[in-house]
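Asks: Attaching a single structure in C-alpha cells format; questions to follow.
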Amino acid sequence: MTKACIVWFSAALLALAWATPLPENSLYHLDSSWRDQNGVVLKLPELRGQIRVVALIYTHCKSVCPAILEQMKTTETRLSRSERSRVGFVLITLDPEGDSREQLHQFGLERELGDNWRLLRGSSADVRELAAVLDFKYRKNSNQEFSHSAMITVLDAEGAIAQQQVGLQDGTTTRLAALRRLLGSGS
C-alpha cells in the first residue's frame, strides 16, 4: 500500500470516528473552551479518539496534588512504549486565576511531563462544570489554597469514565488494568 493510500485511509477512519455520535455519558458533550500549556485553545471533544488519564490539580498545591501527579507519572512509566503512545495524560487546574498558561507550561517543564501531557486552564465556571460531572469536590480556603478531592479518572476514547480512583491510595495497578483493557492489550 502506498504512503498516499495509508494517509487517505487514516483520514477516512478519523472522519468516520468523528461522525459517530458520542455516548450519552461522555464528558465530551461539555461545550467549554480550554487553553493548554502551549496556548492552544481547544474544546473537550478535540480530546476524542485517545484514552485519557485525567486529574484536577493546582500547581502550587503542596499536599494532595503532588501525590496525584506522582501516581499518574508512575502509571505512564509502567505502560509499554506502544501503550504510552495511545494514552494521553491531562491535568486541569482548579485555580484558573492563579495558574496562568505560562505557569502551567513551567510546571510541565519542571515535572518533566512529555508530549502526551496536556495541562488545561479554563474559566472558573468551566472548571466547576467539569468537576460536577466527575463528582470532584473542591472549595477555595484562602487566596492560595484549595480543599479538594483526590481523584484520577480514566476516560475511554469517547470520553466516558472507564475507571476512577478516589483517595490517595496507590491505584496504579487498577488503573493499568483498566487502561490495558481499553487498549486491548490484556496484561
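Asks: What number goes with the only condition from (1) farther than 18 Å from residue 89 by Cβ; (2) in contact (Cβ under 8 Å) with a residue 60 or more places away in the chain; (3) of a type in the set (Lys, Arg) that residue 175 does not pass?
Replies: Going through the list (1) farther than 18 Å from residue 89 by Cβ; (2) in contact (Cβ under 8 Å) with a residue 60 or more places away in the chain; (3) of a type in the set (Lys, Arg), residue 175 breaks only (1).
Asks: Same structure, new question: Just to verify a result, which residue in the range 144-155, among those that are under 27 Å from residue 178 (Cβ atoms) and either of a type in the set (Val, Ile, Thr) or part of a loop (DSSP other than H, G, I, E, B) (or both), is modelled with the lowest pLDDT?
Replies: Here the residue is 149.
Asks: Could you please tell me which pairs satisfy a Cβ distance under 9 Å, a separation of 6+ or placement on different chains, a first residue in the range 77-100 that is free of Cβ contacts under 8 Å to residues at least 60 places away in the same chain, and a second residue that is of a type in the set (D, E, K, R) and in a loop (DSSP other than H, G, I, E, B)?
Replies: From the range 77-100, the pairs are 93/99.
Asks: Okay, next question. Checking the condition out of contact with any Ser or Thr (no Cβ under 8 Å at 6 or more places or on another chain) and of a type in the set (Lys, Arg), which residue from 86, 78 passes?
Replies: Criteria check complete, one pass: 86.
Asks: Among what's in the range 32-60 and is more than 14 Å from residue 151 (Cα to Cα) and among the aliphatic types (A, V, I, L, M), pick the residue that is surrounded by the fewest Cβ atoms within 10 Å (Cβ to Cβ).
Replies: Only one residue tops the list, namely 41.
Asks: Tell me which residues, restricted to the range 132-156, are surrounded by 17 or more Cβ atoms within 10 Å (Cβ to Cβ) and out of contact with any Leu (no Cβ under 9 Å at 6 or more places or on another chain).
Replies: Residue satisfying the conditions is 152 alone.
Asks: Same structure, new question: Output the number of residues of the range 159-172 satisfying the condition of being open to solvent by 50 Å² or more (accessible area, probe 1.4 Å) and either of a type in the set (S, T, N, Q) or in a loop (DSSP other than H, G, I, E, B) (or both). Full working, then the answer.
Replies: Here is the first cut: in the range 159-172, the residues open to solvent by 50 Å² or more (accessible area, probe 1.4 Å) are 161, 164, 166, 168-170.
Applying the additional criterion that residues be either of a type in the set (S, T, N, Q) or in a loop (DSSP other than H, G, I, E, B) (or both) yields 164, 168-170.
Final tally of qualifying residues: 4.
Asks: Pick out the one residue from 82, 100, 123, 63 that is in contact with a Pro (Cβ under 9 Å, 6 or more places away or on another chain) and open to solvent by 10 Å² or more (accessible area, probe 1.4 Å).
Replies: Only one candidate qualifies: 123.
Asks: I've got another one for you. Need pairs with beta-carbon distance below 9 Å; first residue over 14 Å from residue 96 (Cβ atoms) and free of Cβ contacts under 8 Å to residues at least 60 places away in the same chain and within the range 28-46, second in a loop (DSSP other than H, G, I, E, B) and of a type in the set (Ser, Thr, Tyr); sequence gap 6+ or separate chains.
Replies: Close Cβ pairs (under 9 Å, with a partner that is in a loop (DSSP other than H, G, I, E, B) and of a type in the set (Ser, Thr, Tyr)) amount to 43/32.
The values are calculated or read from the model by the stated rules, or taken from the named source; none is laboratory data. This is a predicted model, so every value here is computed, not measured. Positions of Cβ are backbone-derived with ideal geometry, glycine not excepted, and every protein chain shown enters the neighbour counts. For accessibility, only protein heavy atoms count, side chains too; no ligands or nucleic acids. Shrake-Rupley method; radii C 1.70, N 1.55, O 1.52, S 1.80 Å.
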